[in-house]
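Read through the structure below, which is laid out as structure tokens, and then see the notes.
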Amino acid sequence: YVNSDDLSTAFLLSHEAMHASNYLDQMSDGIKIACVEDEVNAFTIQLFLSSSLTEEEMKTMNLKLREGYGNINNQLKIMWDLLTYRDYARRMCNSLDYNDCFFKYFNKSVEDMVKSNPYYQKQCGLN
């Protein structure tokens, strides 16, 4: 991680920490989480982390994102995608049942991303 910026490393670590938490839950409860669901949970934690950034960290992330999708590292590309899915879910949910609606649309977008990615297809045994 020497060549990676702090925000990218934080996003990656939050993702992997969610996998570790899910694994510990599985070991203590005996309830296995499906691979795709595990990934959706981990990507959701990344989105949550982005909402807790300080103003300065948000400025840094936005400056990097302004370089354009083709010019940023993979962790920031994933954040770009997650922020896009977040915005889509927000647009779709103008209701009193906002949280359920938001996660319905956001999780479906992330699930589709995971299922369409060759890396996750192989990891989750989807192909």
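What follows is calculated from the coordinates using simple rules that are stated; it is not laboratory data. Bear in mind the structure is a predicted one, so any value in this text is a computation, not a measurement. We place every Cβ from the backbone using ideal geometry, glycine too, and count neighbours over all the protein chains shown.
Numbers for the structure displayed
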read-out: Tensor-based shape of the stretch 63-117 (alpha-carbon gyration tensor, a/c under 1.5 rounded, otherwise prolate or oblate); value: oblate
read-out: Net +/- balance of residues flanking GLU111 in space, Cβ distance below 12 Å, scoring K and R +1, D and E -1; value: -1
read-out: Local electrostatic count at ARG91 - Lys and Arg +1, Asp and Glu -1, tallied over other residues with Cβ under 15 Å; value: +3
read-out: Within the stretch 36-73, backbone nitrogen closer than 16 Å to the virtual label 7 Å beyond the Cα of ASN99 toward Cβ; value: 45, 48
read-out: Chain lengthening between MET27 and ASP6 when straightened (0.36 nm per residue, less Cα-Cα); value: 4.5 nm
read-out: The chain, relative contact order in percent, only Cα pairs under 8 angstrom and at least six apart counted; value: 25
read-out: Nearest-0.05 FRET efficiency for ASN117 and ASP87, computed from C-beta distance (R0 25 Å); value: 0.80
read-out: Binned Cα-Cα distances of the chain, short to long, each 5 Å bin given as a whole percent; value: 2, 10, 17, 21, 21, 16, 9, 3, 1, 0
read-out: Environment charge at ASP100 (Cβ cut-off 15 Å; Lys +1, Arg +1, Asp -1, Glu -1); value: +2
